[in-house]
Amino acid sequence: MAQLLDYLKRAVDDKASDLFIVAGGPVCEKLDKKMIPIGEERIFPETAEELITQLYTQAGRPMDNYMRDGDDDFSFSVGGLARFRVNTYRQRGSMAAVVRVVAFGIPDWQTMHIPPQVMELASLTHGMVLVTGTAGSGKSTTQACVINRINQTRSGHIITLEDPIEYLHRNAKSIVSQREIAIDTEDYLAALRACLRQAPDVILLGEMRDRETIHTAMTAAETGHLLIATLHTKGAVNTVDRIVDSFPSGQQEQIRAQLSMVLRTVVSQQLLPDKNGGMVPAYEIMHVNSAIRSLIRDNKSHQIDNVIASGGAEGMIAMDQSIMALCKAGEITAETALEYSDNPEQLRRRLG
C-alpha cells in the first residue's frame, strides 16, 4: 500500500515546494523549479487513487465535490510536520494531485528577502494594498509576513479570506479570524460583504477574481479599512489596467477616480534562480503619490513606470532596479538578470 505520509515527509525534509501525484510516472517533488522523482517506481491509476483517497482522509474532507466536478481545493495539517495545500484533479480518466508544502509558523521576512519598504506597509491603517505576481511568485508569503507584523504590533481585528488557508496566524496583539472559501463561506464576494459587518480593521483578500469582488474591495478600502489583496498581474501598470478594464467602458472613468483615491501601494514580485540553485525574489514597489494619482485618474497609466523609476526617495523601486541590485550583489547571474528583466536592452547597458 502506497503511504502518503512517507511522501509528505520526504517533501518536507527535502524542502520541496510541491509534491506531484500523477499516474504514469513516479511521484515527483519540485525543488527550486526542477522536477525530482521520488524513487523510480511508476505509479498506476489505482495507486494514484489510493494516495488521493488518503489525502482526503487526512483532511477529514468528503470526496463529493471532487467526484462531481473533477477538481477540488483544500488544505490540512500534519502535527509536527507541516501544512499542505492540495489541488486534486482528473487527467486521462485517472486521479491526480498537486500538494503545496507550507511550513508551520510564519517565515522570517529577512530570511525571505522581503524589503523593509514592504514590511512598513504594516503601519498603514486604511486604503488598498495590492500584492501581485504570477502563480508561485511568493505573494502569499509576503502577505503572511505583513499580516504577522500587524498582528504583533497593534491591536485590532484582522480577517483573512483565503482559498485555501496557507499560513496559520495565532492571536497576538490582534484577533485574527481566518476564513477558508468554500468551507467557512461560499465565495470571496459573499465573504467580503459579510466581513464588513464583522468589525474588521484589516482585511486580507486572497484574490480579486471578478468585477463585483474588486468593486466591493475598493468600497471597503474607501470606508476606513486596510485591505490587502492579490492579483495575478505582473507590474503596477498592468495591475491598474487590469482593475480598470474589468469594468464596462461607461464605468471606467469613475473607477479610475475611485482607484486613484483608495490605492496606496502595489507590490509586484517574481522569483529568480540564484547562483546557489535556490530562488531569490525581485520586487517592484509603487507607492501612490500625487503624480501617480493623477496618472491613474487621467488614464495615463503607461507613464507610471517613469515615476516609479525616479521615486527611490519615497521608497519606490522598479523591477529592473531590483534585478540589477541582485546582479551587482552577486546573487544572480547577468544572464538571469536579462532573462527576467522588463527592459533587457536598457539593463544590458546599465550592467556595462
Failed item, numbered, when S322 is tested on (1) of a type in the set (S, T, N, Q); (2) within 22 Å of V240 (Cβ to Cβ); (3) surrounded by fewer than 19 Cβ atoms within 10 Å (Cβ to Cβ); (4) touching a strand residue (DSSP E or B) at 6+ places or on another chain (Cβ under 9 Å): (3)
Condition met for Q269 (of a type outside the set (G, A, S), in contact with a Pro (Cβ under 6 Å, 6 or more places away or on another chain) and touching a residue at least 24 places away in the same chain (Cβ under 8 Å)): yes
Sole residue being at pLDDT 95 or above and basic (K, R), chosen from R209, R264: R264
Pair list, Cβ under 8 Å, 6 or more apart: the range 74-96 residue in contact (Cβ under 8 Å) with a residue 60 or more places away in the chain and of a type in the set (K, R), other residue surrounded by 21 or more Cβ atoms within 10 Å (Cβ to Cβ) and not in a strand (DSSP E or B): R83/Y167; R85/P164
Residues (of a type in the set (V, I, T), at pLDDT 95 or above and closer than 19 Å to A59 by Cβ) located in the range 1-46: I21, V27
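Please work out which residue is modelled with the highest pLDDT, limiting yourself to the range 178-206 and to residues that are small (G, A, S) and within 20 Å of the chain's Cα centre (by Cα).
Within the range 178-206, the subset small (G, A, S) is 182, 190-191, 194, 199, 206.
With the extra rule that they be within 20 Å of the chain's Cα centre (by Cα), the set shrinks to 182, 191, 206.
On the way: A182: 79, A191: 94, G206: 90.
Among residues in the range 178-206 that are small (G, A, S) and within 20 Å of the chain's Cα centre (by Cα), the one modelled with the highest pLDDT is A191.
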Residue in the range 151-163 that is farther than 22 Å from G224 by Cβ and either in contact with a Cys (Cβ under 9 Å, 6 or more places away or on another chain) or in contact (Cβ under 8 Å) with a residue 24 or more places away in the chain (or both) present: yes
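If only one of R61, R85, R92 is charged (D, E, K, R), surrounded by 15 or more Cβ atoms within 10 Å (Cβ to Cβ), more than 20 Å from K30 (Cβ to Cβ) and at pLDDT below 95, which one is it? I'd like the intermediate steps shown before the answer.
Working: R85 fails: more than 20 Å from K30 (Cβ to Cβ); R92 fails: surrounded by 15 or more Cβ atoms within 10 Å (Cβ to Cβ).
Only one candidate qualifies: R61.
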Candidate set from the range 109-136 (those that are buried (at least 16 other Cβ atoms within 10 Å of the Cβ) and free of Cβ contacts under 8 Å to residues at least 40 places away in the same chain); member that is nearest to I323 (Cα to Cα): M119
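Quick check, is E331 among the acidic types (D, E), over 27 Å from R256 (Cα atoms) and either in contact with a strand residue (DSSP E or B) (Cβ under 8 Å, 6 or more places away or on another chain) or at pLDDT 95 or above (or both)? Explain how you work it out, then say what you get.
Numbers: among the acidic types (D, E): yes; over 27 Å from R256 (Cα atoms): yes; either in contact with a strand residue (DSSP E or B) (Cβ under 8 Å, 6 or more places away or on another chain) or at pLDDT 95 or above (or both): yes.
Criteria met by E331.
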Members of the range 232-245 found to be under 20 Å from the mean Cα position of the chain (by Cα) and crowded, with 18+ Cβ neighbours inside 10 Å, listed by number: T233, K234, G235, A236, V237, T239, V240, I243
Scope the range 293-352; condition in contact with a Leu (Cβ under 8 Å, 6 or more places away or on another chain) and β-branched (V, I, T); matching residues: I296, I304, V307, I323, I332, T336
Selection status of G224, within 30 Å of L338 (Cα to Cα) and either out of contact with any strand residue (DSSP E or B) (no Cβ under 6 Å at 6 or more places or on another chain) or of a type in the set (A, V, I, L, M) (or both): no
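Using the structure shown, decide if G105 is more than 16 Å from the chain's Cα centre (by Cα), modelled with pLDDT under 95 and surrounded by fewer than 18 Cβ atoms within 10 Å (Cβ to Cβ). Step through it out loud before you land on a result.
Numbers: more than 16 Å from the chain's Cα centre (by Cα): yes; modelled with pLDDT under 95: yes; surrounded by fewer than 18 Cβ atoms within 10 Å (Cβ to Cβ): yes.
The answer is yes for G105.
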Helices (runs of 4 or more DSSP H) wholly inside the range 239-352 that include at least 1 residues being touching a Ser or Thr at 6+ places or on another chain (Cβ under 7 Å) and over 19 Å from V118 (Cβ atoms): 290-297, 344-351
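The values are calculated or read from the model by the stated rules, or taken from the named source; none is laboratory data. These numbers come from a predicted model, not from an experiment. Virtual Cβ from ideal backbone geometry, glycine too; neighbours counted across all protein chains shown.
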